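Colleague: First, the structure itself, so that you have it in front of you.
Bear in mind that the values in this text are calculations on the coordinates, not laboratory data. A quick note: this is a predicted structure, and the numbers were derived from the prediction, not measured. Note: ideal-geometry Cβ built from the backbone for every residue, glycine included; neighbour counts use all protein chains shown.
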Amino acid sequence: MNHYGAPMRIAIASDHAAIAMKAELREWLVELGHEVADLGPDSADSVDYPDFGYLLASVVAEGTAERGVALCGSGIGISIAVNRNPAVRCALVSEPLSAALAREHNDANVIAMGARVIGIELAKANLTAFLGTDFAGANDPSSRHQRRVDKLSNPA
């Protein structure tokens, strides 16, 4: 585990179905000392989740943000959009163990959640686990975890 209080640069994006959860998580992350880039949307008007998923993925892939938070009604659509970028590993989670394992075993750099599936307290618990867990292969490039993660971006 890393130091939970260590500030990170986090990008967060949603669709219209998750705008309220996004706003609450953004405020909470800022209160914890993180630098948060809200990539939108700015209103509850209907939007297309792929647009915001692609934007979030590009910000994480280019290194502007260390981690990303992707939200939509179910979490499914936006996670698919985010995962179209080969430099990003987005895990759709609904409980903290999966959030921690996504980091520890898969080096996930984006977490996706569904605002219609989980409540705000569970979303915070998932983020706490996600942000507080290190990748098991970080200090061992020959580890089984690193070998597997490398194959996610280079399937040949």
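Colleague: Grab the other residues whose beta carbon is less than 10 angstrom from that of Ala13, score K and R as +1, D and E as -1, and report the net.
Modeller: -2
Colleague: Then there is this: Based on Cα coordinates alone, diagonalise the gyration tensor for segment 6-80, multiply each eigenvalue by 5, take square roots, and list the semi-axes in whole Å, largest first.
Modeller: 19, 15, 9
Colleague: Something else: Quick one: length gained pulling Asp45 to Thr128 fully straight, 0.36 nm per residue minus the C-alpha distance?
Modeller: Value of the extension gain: 27.0 nm.
Colleague: List residues of segment 45-74, by number, whose backbone nitrogen lies under 17 Å from a label position 7 Å along Cα→C-beta of Ala23.
Modeller: It comes to 45-47, 71-73, nothing else.
Colleague: Where Rh denotes the Kirkwood radius from the mean inverse Cα pair distance, what is Rg over Rh for segment 9-153?
Modeller: 0.95
Colleague: On full extension of the chain, what length is gained from Glu66 through Glu121, given 0.36 nm per residue of separation minus the C-alpha to C-alpha distance?
Modeller: That works out to 17.5 nm of additional length.
Colleague: Now a separate question. Can you work out the Karplus-derived ³J(HN,Hα) for every residue in segment 28-44? Use 6.51 cos²θ - 1.76 cosθ + 1.60 with θ = phi - 60°, whole Hz, and x for glycine or proline.
Modeller: Rounded to whole hertz, the list is 4, 5, 5, 4, 7, x, 7, 8, 10, 9, 8, 8, x, x, 9, 9, 8.
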